[in-house]
Amino acid sequence: MVLRSVLSVLLVALCANFCAAQKKTDPQILAKIDKAYQDAKWDDLSIEFRIVEEAPKDGYTKMKIINPDVVKEEMFCYVSQTVEMGLKDFSGIGVFYYPWMADNFGISIFFNKTGREKFTKFTSENVGRSFGVVIDGKLMSVIKIAEPMKAVRVQVISFEPSEAKSIVKRFFEPLRSVWQYFHVQ
């Protein structure tokens with residue numbers, strides 16, 4: 001039942017992407033989508049990328065990594081108060097499932113055009129350092145930047161199915177009016 005509802009969320013997101021692809025040549029539609037993202041206000045969701053250090057540092061906050069399937073013992077890092085990337089840099093979020101990794105659900109965070117450029121610049125300037133994915137004030141993942149990355153998405157694992165679904169729903173809620181347009185026509 002839970003897997004069916006998670007798959008339903010994915011199907012809706014895929015349909016929206018397909019419809020968007022079919023209408024992508026219409027400049028009015030593109031302008032409407034861009035405006036919706038610019039105007040979106042996520043009052044009940046926070047997803048941020050921040051620099052992470054192993055040792056205390058001014059301007060950094062001690063946070064516990066909340067990812068029990070990846071981090072076996074309690075682990076703390078020091079997270080910058082500066083947000084490098086946030087919700088305005090993302091074009092979508094999807095749920096995925098890894099049955100071979102302790103039945104983990106995860107989320108894929110997809111970058112918009114500005115987000116891809118920002119992520120490439122951010123990782124290029126911070127090779128050798130780590131960044132954390134902070135969701136709703138919790139440090140969910142720490143990723144080591146080994147080289148500049150030109151990614152279109154970042155994946156974060158170890159969510160309960162309901163938690164992953166909630167994050168996806170809360171991301172798309174402020175954008176509902178623009179996505180409903182694609183489903184009505």
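Take ARG153 and tell me if it is over 24 Å from TYR97 (Cα atoms) and touching a residue at least 12 places away in the same chain (Cβ under 8 Å).
Judged against the criteria, ARG153 is not a match.
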note = A careful count of residues in the range 135-170 that are more than 16 Å from the chain's Cα centre (by Cα), surrounded by 14 or more Cβ atoms within 10 Å (Cβ to Cβ) and under 14 Å from ILE51 (Cα atoms) gives 1
key: Boolean, GLY132 is in contact with a Leu (Cβ under 7 Å, 6 or more places away or on another chain), small (Gly, Ala, Ser) and surrounded by 20 or more Cβ atoms within 10 Å (Cβ to Cβ)   = yes
task = State which residue is surrounded by the most Cβ atoms within 10 Å (Cβ to Cβ) when the search covers only the range 74-91 and only residues that are among the polar types (S, T, N, Q) and modelled with pLDDT of 90 or more.
result = SER80
ask   = Yes or no: GLY94 at positive phi and at pLDDT 75 or above?
value = no
message = Looking at the range 49-65 only, could you name the residues that are surrounded by 14 or more Cβ atoms within 10 Å (Cβ to Cβ) and either modelled with pLDDT under 95 or aliphatic (A, V, I, L, M) (or both)?
response = ILE51, VAL52, MET63, ILE65
ask   = Taking the stated definitions as given, is SER46 at pLDDT 80 or above and small (Gly, Ala, Ser)?
value = yes
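The values are calculated or read from the model by the stated rules, or taken from the named source; none is laboratory data. All of these numbers come straight from a predicted model, not from anything done at the bench. No Cβ is skipped: glycine too gets one built from the backbone with ideal geometry, and neighbour counts run over all protein chains shown.
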